Structure formats: C-alpha cells, structure tokens
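S.K.: Supplied in structure tokens, the structure appears directly below.
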Amino acid sequence: MPKIYFLCTGNTCRSQMAEGVARHLLDASWTVQSAGLTPQRLNPNAVRAMAEVGLDISAQRAKPIDPTFLASADLVVTLCGDARDQCPTTPPHVTRVHWPLPDPALSTGDDATVMAVFRQVRDEISRRVAALA
C-alpha cells in the first residue's frame with residue numbers, strides 16, 4: 001500500500017488541498033496524509049476552493065508531522081520552501097519531491113482576486129496529483 005505525505009509550513013492551504021485531491025484522484029490503495037511544520041487552522045478559502053470542484057475538506061485538520069508516517073512514506077511532497085528546507089530527515093527509500101507553489105494565503109486584494117489565486121494553486125495541485133495516478 002503506497003503512502004504519500006504532503007508537507008507545508010502551517011498545513012492550512014496547499015498541503016490540505018493536496019490531501020483532498022489525492023484522496024479523490026488516487027486509488028484506494030494509497031494512504032494519503034498531510035502535515036505542517038507548525039500547524040495552524042485550516043484556511044476557509046482552501047475549503048471554498050475545493051468545494052467549488054466538489055471536494056469537501058472541511059473536516060480535515062492541521063496536524064504536526066508524524067515521524068512514524070514520515071519514515072514509512074513512499075513519497076513526501078513538500079509544497080513550500082520552508083517544508084523542503086526544514087523537513088526532518090527521511091530514510092533512503094523515501095522519495096522526496098518539491099512542488100514550489102505560491103502560498104495562496106498570502107494573496108491580497110478583493111475576494112475575487114484572492115480566490116483566483118486559491119483556484120490556480122488548487123488546479124496546479126490537481127494536475128500534479130493526477131500525474132501520480
């Protein structure tokens with residue numbers, strides 16, 4: 001059973017969206033989790049962006065990195081530079097990839113502008129996860 005771990009700084013947006021997309025697109029044999037270096041609250045705009053494509057991540061919660069899951073993962077995907085640079089060491093069998101996506105939580109402007117950034121990040125995550133499937 002392959003395991004994939006999505007990591008970000010706060011586990012509030014990108015990694016949460018990636019977890020939701022992966023649970024939807026990858027077959028049931030995959031174990032999918034996300035976590036953050038310093039977990040914070042799930043971003044409501046991430047929930048909104050995912051709901052727009054029929055994916056409900058509202059029950060997901062930000063979690064700290066689980067060293068046991070990290071060490072047993074087949075693939076670790078970092079979604080921000082902090083997670084890439086500060087992720088704990090993994091055993092040699094763990095494949096690590098970095099998806100340098102902008103943090104939609106840092107977007108500014110009116111609601112439409114902010115949501116456009118969330119949608120762009122969501123769609124890019126979807127493309128990348130689909131390539132794994």
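S.K.: Inspect all residues belonging to the range 18-39 and state whether any of them is touching a residue at least 60 places away in the same chain (Cβ under 8 Å), surrounded by 16 or more Cβ atoms within 10 Å (Cβ to Cβ), assigned to a strand (DSSP E or B) and of a type in the set (Val, Ile, Thr).
M.R.: Within the range 18-39, none of the residues are touching a residue at least 60 places away in the same chain (Cβ under 8 Å), surrounded by 16 or more Cβ atoms within 10 Å (Cβ to Cβ), assigned to a strand (DSSP E or B) and of a type in the set (Val, Ile, Thr).
Yes or no, residue by residue, for (1) over 16 Å from VAL114 (Cα atoms); (2) more than 14 Å from the chain's Cα centre (by Cα); (3) among the polar types (S, T, N, Q):
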residue: MET1; (1), (2), (3): yes, yes, no
residue: ILE4; (1), (2), (3): yes, no, no
residue: ASN11; (1), (2), (3): yes, no, yes
residue: GLU19; (1), (2), (3): yes, no, no
residue: SER29; (1), (2), (3): yes, yes, yes
residue: VAL32; (1), (2), (3): yes, no, no
residue: GLN40; (1), (2), (3): yes, no, yes
residue: VAL47; (1), (2), (3): no, no, no
residue: ALA51; (1), (2), (3): no, yes, no
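S.K.: Here are some residues: VAL94, VAL77. Which one is closer than 16 Å to PHE6 by Cβ, touching a Phe, Trp or Tyr at 6+ places or on another chain (Cβ under 9 Å) and surrounded by 20 or more Cβ atoms within 10 Å (Cβ to Cβ)?
M.R.: VAL77
S.K.: Which condition does LEU101 not pass, out of (1) more than 20 Å from HIS24 (Cβ to Cβ); (2) of a type outside the set (Gly, Ala, Ser); (3) within 16 Å of the chain's Cα centre (by Cα), if it passes all the others?
M.R.: So the condition that LEU101 fails would be (1).
S.K.: Within the range 5-17, work out how many residues are out of contact with any helix residue (DSSP H, G or I) (no Cβ under 7 Å at 6 or more places or on another chain) and in a loop (DSSP other than H, G, I, E, B).
M.R.: Result for the range 5-17: 2.
S.K.: Hey, another quick one. Just need a number here: residues in the range 56-71 that are buried (at least 18 other Cβ atoms within 10 Å of the Cβ), of a type in the set (A, V, I, L, M) and over 25 Å from HIS93 (Cα atoms).
M.R.: The total comes to 2.
No lab work stands behind these numbers, since they all come straight from the coordinates. Since we're looking at a predicted model, the values are computed, not measured. Here the Cβ is made from the backbone with ideal geometry for all residues, glycine too, and neighbour counts use every protein chain on show.
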